[in-house]
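Undergrad: First the structure, which I've put down as structure tokens, then a few questions once you've had a look.
The values are calculated or read from the model by the stated rules, or taken from the named source; none is laboratory data. Computed from a prediction, not measured in an experiment: that's the story for all the values here. All Cβ positions, even for glycine, are placed from backbone atoms using ideal geometry, and neighbour counts span all protein chains on display.
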Amino acid sequence: MYRESYENCRLCPRYCGVNRVMDDGAGHSGFCGETDQLRVAYVGPHFGEEPPITGANGSGTIFFTGCSLRCSFCQNYQISHKGLGVEISAGELLEKIEDMIRNHRVHNINFVTPDHFFPHVFRLVALLRKENFDLPVLYNLSGYQSVEMLKAAEDYADIYLPDFKYSESSLAVKLSKCRNYPEVALEAIGEMVKQKGFLDTFLKGSEIAKKGVLVRHLILPGNVGNSMDALTSLFVEFGKGLPLSLMSQYQPIAQQKDEALNRLLSHEEFDKVYSHAMELGFENLFVQFPEKGPRLQTARSPFLPDFQQAEPFNSL
């Protein structure tokens, strides 16, 4: 599966069909910006996820270089657009993951934007399990995944952490060049829920998640309507029990054509979206409230990693 998946790449819903295999240096990069050679920007514990994911010891994150969505406002712009990261073999990455587990006792293995490297990731998970590492495997995703690939991922996944970014096709085109994002993402999240159910911490009352789905939504400045409609869509599709994380951490990275995206989210904008979530009646809600008082536009968010540093999340 590994070679064939990269020769006519259809790993994401863009179905670009590029031959990404690096034979004698001849491989091409897909829309994701990557060939079939694994590239990674960071391997280590991360303490900025939701409480059932982070726990006391952190989530064991692997941040892959490249992305199949490549939003213009991406908060991980260094790795999704600028290609920051180092080439690494599957064996070397396996050793790093095992060292992270032993040295930091992380609560899970968290693959961040892994879908353009899914075949490698499935193999890594199989090897980890063969060596009796039984931590939950988490896929941290954009929401823009194909159902076909999610079905292939089912046996190699325990937790899905997808975004649901857009309810408006026009906004999806403008910011991520994918008009079909809303319907593709809802179908993808539906498949994830079908496989794993809702995040089990809400069902069992446990502190650390072992299985299930938690959906994230980042509120974008100047786009309150998109957020409110996104929450409504999720409520209609999955009901009030859907575990949902509402995030206010947006920070401008690259200069945006939409001027609203060149500023921080206002308290008023956040309050409108949060109020709508409460009115809909979501029962399992994580909320990232904005900082109280005025915030400096130039102040770096503690949730914004710097992958040029050995420890990108030092401020958390």
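Undergrad: Out of segment 98-120, which residues are in contact with a helix residue (DSSP H, G or I) (Cβ under 7 Å, 6 or more places away or on another chain) and part of a helix (DSSP H, G or I)?
TA: Those that are in contact with a helix residue (DSSP H, G or I) (Cβ under 7 Å, 6 or more places away or on another chain) and part of a helix (DSSP H, G or I): Asp115, Phe118, Pro119, His120.
Undergrad: Same structure again: Among the residues of segment 26-52, write down those that are in contact with a helix residue (DSSP H, G or I) (Cβ under 6 Å, 6 or more places away or on another chain) and of a type in the set (Phe, Trp, Tyr).
TA: Phe47
Undergrad: Now a separate question. Name the one entry in Leu203, Leu220, Leu175, Leu171 that is among the aliphatic types (A, V, I, L, M), modelled with pLDDT under 95, closer than 30 Å to Glu148 by Cα and out of contact with any strand residue (DSSP E or B) (no Cβ under 7 Å at 6 or more places or on another chain).
TA: Working: Leu220 fails: modelled with pLDDT under 95; Leu175 fails: modelled with pLDDT under 95; Leu171 fails: modelled with pLDDT under 95.
The match here is Leu203.
Undergrad: So which pairs qualify, if the first residue must be in segment 32-45 and over 30 Å from Asn57 (Cβ atoms), the second must be hydroxyl-bearing (Ser, Thr, Tyr) and buried (at least 21 other Cβ atoms within 10 Å of the Cβ), the Cβ gap must be under 6 Å, and the two must be at least 6 apart or on different chains?
TA: Cys32/Ser68; Asp36/Tyr6
Undergrad: Which number in (1) part of a loop (DSSP other than H, G, I, E, B); (2) in contact with a helix residue (DSSP H, G or I) (Cβ under 8 Å, 6 or more places away or on another chain) marks the one condition that Asp23 misses?
TA: Asp23 satisfies all of (1) part of a loop (DSSP other than H, G, I, E, B); (2) in contact with a helix residue (DSSP H, G or I) (Cβ under 8 Å, 6 or more places away or on another chain) except (2).
Undergrad: How many residues are in a loop (DSSP other than H, G, I, E, B), over 15 Å from the mean Cα position of the chain (by Cα) and without any contact (Cβ under 8 Å) to a residue 60 or more places away in the chain if we restrict to segment 121-157?
TA: Keep residues of segment 121-157 that are in a loop (DSSP other than H, G, I, E, B), which gives 131-136, 142-146, 157.
Still in the list and also over 15 Å from the mean Cα position of the chain (by Cα): 131-136.
Of the ones still in play, those that are also without any contact (Cβ under 8 Å) to a residue 60 or more places away in the chain are 131-134.
Within segment 121-157, residues that are in a loop (DSSP other than H, G, I, E, B), over 15 Å from the mean Cα position of the chain (by Cα) and without any contact (Cβ under 8 Å) to a residue 60 or more places away in the chain number 4.
Undergrad: Pairs needed: first member in segment 167-180, surrounded by 20 or more Cβ atoms within 10 Å (Cβ to Cβ); second member anywhere, assigned to a loop (DSSP other than H, G, I, E, B) and small (Gly, Ala, Ser); C-beta distance under 7 Å; at least 6 residues apart or different chains.
TA: These pairs meet every condition: Leu175/Ser72.
Undergrad: Hey, can you tell me all the residues within segment 26-65 that are part of a loop (DSSP other than H, G, I, E, B), under 21 Å from Gln249 (Cα atoms) and either among the basic types (Lys, Arg) or touching a His at 6+ places or on another chain (Cβ under 6 Å) (or both)? Even if it seems obvious, please write down each step before you answer.
TA: Start the filter on segment 26-65 by keeping residues that are part of a loop (DSSP other than H, G, I, E, B), which leaves 26-38, 47-50, 55-58, 65.
Next cut, under 21 Å from Gln249 (Cα atoms) only: 47-50, 55, 58.
Matches in segment 26-65: Gly55, Gly58.
Undergrad: Just give me the residues in segment 253-278 being loosely packed, with under 11 Cβ neighbours inside 10 Å and of a type in the set (D, E, K, R), in sequence order.
TA: Once the filter is applied, which keeps residues that are loosely packed, with under 11 Cβ neighbours inside 10 Å and of a type in the set (D, E, K, R), segment 253-278 yields Lys257, Glu259, Glu268.
Undergrad: Starting from residues that are without any contact (Cβ under 8 Å) to a residue 60 or more places away in the chain and within 19 Å of the chain's Cα centre (by Cα), keep the ones in segment 201-214 and report whichever is farthest from Tyr250 (Cα to Cα).
TA: This residue is Gly212.
Undergrad: So Leu161 ticks every box in (1) over 23 Å from Tyr274 (Cα atoms); (2) not in a helix (DSSP H, G or I); (3) not hydroxyl-bearing (Ser, Thr, Tyr) but one. Which box is left unticked?
TA: (1)
Undergrad: So which residues in segment 283-307 are among the charged types (D, E, K, R), over 26 Å from Leu231 (Cβ atoms) and modelled with pLDDT under 65?
TA: Here is the first cut: in segment 283-307, the ones among the charged types (D, E, K, R) are 283, 291-292, 295, 300, 306.
Narrowing the set further to residues that are over 26 Å from Leu231 (Cβ atoms) leaves 300, 306.
Of everything in segment 283-307, just one residue is among the charged types (D, E, K, R), over 26 Å from Leu231 (Cβ atoms) and modelled with pLDDT under 65, namely Arg300.
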